[in-house]
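To start, the structure itself, in structure tokens.
The values are calculated or read from the model by the stated rules, or taken from the named source; none is laboratory data. As the structure is a computational prediction, the values presented were derived from the model and not from experiment. Cβ atoms come from the backbone with ideal geometry, glycine included; neighbour counts cover every protein chain shown.
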Amino acid sequence: MNVMIIGGTSGIGLGLARHYLQQGAHVTACGRHPEKLQGLAHQRLTVQPLDIADRDAVRRTISQQAQNGRCGLDLLIVSAGQYADAAAIAQDRNAAIPVLKVNVGGLDHAFGAAAEVMMARGGQLVAIASIAGLQKDYPGGSLYSASKRAAIAICDSYRKALEPFGIAVTTIIPGYVDTARLRELNGGDASRKPYLMKEEEAVRRIAAAIARRDERYVFPWQMHLLVRIFNALPLALKSLRQK
Ligand SMILES: NC(=O)c1ccc[n+]([C@@H]2O[C@H](COP(=O)([O-])OP(=O)(O)OC[C@H]3O[C@@H](n4cnc5c(N)ncnc54)[C@H](OP(=O)(O)O)[C@@H]3O)[C@@H](O)[C@H]2O)c1
């Protein structure tokens, strides 16, 4: 199997890269900082510098991968993601740009390019969205939440369009996963986040959902339930939660 992971240089994406290498797959891990993978040498691993916001570069990289006799492309996973909270955006409006360019535009570039090369023999597209995308009025992170809601909608559209061509689309919708990036966003310690999941456990569950070709996989269920309850609250109560 030939797997490409955009956002495969750290966190959940890197965990998935390790998983598919263990399964015997050929893996191409992409990101803006390929040097992060210097310690991970493997004969079936290709490390590729790529900025998912650069549409032409994404098309070129995916089409080269598909034409490469050794590789081809069976599974594309987009784990690349950017976060900026409302306070950061209020301070500098430019902070919103990467969130939109990566989480929304980049996902569309990658799915569009991969769909073209998979048309002939099928395949699977996967996006790592977020449970924030299911929550209406996500406290402090409304743009991130909207971008992940858009990511979920993009997956739904591609799924409908690509089903006749044997291309499956899986949307992964995680709650909090204890990655280095989440810890960094929370002053070095994410342990107070509700239903925080260990990275290895999240990777195991995500890989299983991909193997089942789930349309959507939301986890953990407790976080999903909380979000559904929150969404059902009247606006006045929600705004109390945001203070
Ligand atoms: N951790 C959580 O609690 C959690 C919860 C729900 C959803 N998620 C989502 O899960 C995904 C992975 O998150 P993570 O916690 O594993 O964070 P992470 O370690 O920061 O992973 C993000 C990956 O995206 C890559 N990336 C960022 N901007 C890029 C760009 N412009 N072009 C190409 N690659 C880019 C980064 O690599 P480079 O630096 O090399 O570019 C990195 O490999 C994200 O989409 C995130 O929104 C995370």
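With respect to the numbered conditions (1) of a type in the set (S, T, N, Q); (2) modelled with pLDDT of 95 or more; (3) surrounded by fewer than 20 Cβ atoms within 10 Å (Cβ to Cβ), which one is the sole condition not fulfilled by Gln242?
With (1) of a type in the set (S, T, N, Q); (2) modelled with pLDDT of 95 or more; (3) surrounded by fewer than 20 Cβ atoms within 10 Å (Cβ to Cβ) applied to Gln242, the lone miss is (2).
Considering each of Val27, Val58 in turn, give the residue that is among the β-branched types (Val, Ile, Thr) and farther than 25 Å from Ala208 by Cβ. Let's see the steps before the verdict.
Working: Val27 fails: farther than 25 Å from Ala208 by Cβ.
Only one candidate passes the filter, namely Val58.
Could you tell me whether the stretch 72-85 includes any residue that is more than 19 Å from the chain's Cα centre (by Cα) and assigned to a loop (DSSP other than H, G, I, E, B)? Let's see the steps before the verdict.
Going through the stretch 72-85, the residues more than 19 Å from the chain's Cα centre (by Cα) turn out to be 72.
Filter once more, so that each one left must be assigned to a loop (DSSP other than H, G, I, E, B): 72.
Among the residues of the stretch 72-85, at least one is more than 19 Å from the chain's Cα centre (by Cα) and assigned to a loop (DSSP other than H, G, I, E, B), which makes the answer yes.
In this structure, is Arg159 out of contact with any helix residue (DSSP H, G or I) (no Cβ under 7 Å at 6 or more places or on another chain), surrounded by 17 or more Cβ atoms within 10 Å (Cβ to Cβ) and either free of Cβ contacts under 8 Å to residues at least 12 places away in the same chain or charged (D, E, K, R) (or both)?
yes
Quickly run through the stretch 135-151 and pick out the residues that are surrounded by 21 or more Cβ atoms within 10 Å (Cβ to Cβ) and modelled with pLDDT of 95 or more.
Ser147, Lys148, Ala151
Within 13 Å of the ligand (Cβ to nearest atom), more than 13 Å from the chain's Cα centre (by Cα) and among the polar types (S, T, N, Q): which single residue out of Ser157, Ser191, Ser147 fits that description? Explain how you work it out, then say what you get.
Working: Ser157 fails: within 13 Å of the ligand (Cβ to nearest atom); Ser147 fails: more than 13 Å from the chain's Cα centre (by Cα).
When all the criteria are applied, what remains is Ser191.
Mind listing whichever residues of the stretch 132-144 are farther than 16 Å from Pro194 by Cβ and either within 16 Å of the ligand (Cβ to nearest atom) or under 16 Å from the mean Cα position of the chain (by Cα) (or both)? If you could, list the steps in order and put the result at the bottom.
The initial filter retains those residues of the stretch 132-144 that are farther than 16 Å from Pro194 by Cβ, namely 133, 136-137, 142-144.
Gly133, Ser142, Leu143, Tyr144 - these are the residues of the stretch 132-144 that are farther than 16 Å from Pro194 by Cβ and either within 16 Å of the ligand (Cβ to nearest atom) or under 16 Å from the mean Cα position of the chain (by Cα) (or both).
Taking Ala95 as the residue in question, decide whether it is over 19 Å from Ala53 (Cα atoms), free of Cβ contacts under 8 Å to residues at least 40 places away in the same chain and in a helix (DSSP H, G or I).
Numbers: over 19 Å from Ala53 (Cα atoms): no; free of Cβ contacts under 8 Å to residues at least 40 places away in the same chain: yes; in a helix (DSSP H, G or I): yes.
Spelling it out, it is not the case that Ala95 is over 19 Å from Ala53 (Cα atoms), free of Cβ contacts under 8 Å to residues at least 40 places away in the same chain and in a helix (DSSP H, G or I).
Please tell me if Arg121 is without any contact (Cβ under 8 Å) to a residue 60 or more places away in the chain, among the basic types (Lys, Arg) and exposed (fewer than 15 other Cβ atoms within 10 Å of the Cβ).
On the way: without any contact (Cβ under 8 Å) to a residue 60 or more places away in the chain: yes; among the basic types (Lys, Arg): yes; exposed (fewer than 15 other Cβ atoms within 10 Å of the Cβ): yes.
When the stated conditions are applied, Arg121 passes them.
So, in the stretch 52-62, of the ones that are in contact with a helix residue (DSSP H, G or I) (Cβ under 6 Å, 6 or more places away or on another chain) and not hydrophobic (A, V, I, L, M, F, W, C), which residue ends up farthest from the ligand (Cβ to nearest atom)? Spell out the reasoning first.
So in the stretch 52-62, the residues in contact with a helix residue (DSSP H, G or I) (Cβ under 6 Å, 6 or more places away or on another chain) come out as 52-53, 55, 58-59, 62.
Cutting the leftovers down to not hydrophobic (A, V, I, L, M, F, W, C) gives us 55, 59.
Numbers: Arg55: 12, Arg59: 14 Å.
In this case the residue turns out to be Arg59.
Output the residues belonging to the stretch 43-64 that are touching a strand residue (DSSP E or B) at 6+ places or on another chain (Cβ under 8 Å) and part of a loop (DSSP other than H, G, I, E, B).
Narrowing the stretch 43-64 to residues touching a strand residue (DSSP E or B) at 6+ places or on another chain (Cβ under 8 Å): 44-50, 52, 58, 61-62.
Across the stretch 43-64, the qualifying residues are Arg44, Leu50, Ile52.
Which residue is farthest from the ligand (Cβ to nearest atom), if the candidates are limited to the stretch 67-94 and must be more than 23 Å from Leu182 (Cα to Cα) and at pLDDT 85 or above? Full working, then the answer.
Filtering the stretch 67-94 for residues more than 23 Å from Leu182 (Cα to Cα) gives 67-76.
Retained after the next criterion (residues that are at pLDDT 85 or above): 73-76.
Numbers: Leu73: 17, Asp74: 20, Leu75: 16, Leu76: 13 Å.
Filtering first and then ranking leaves Asp74.
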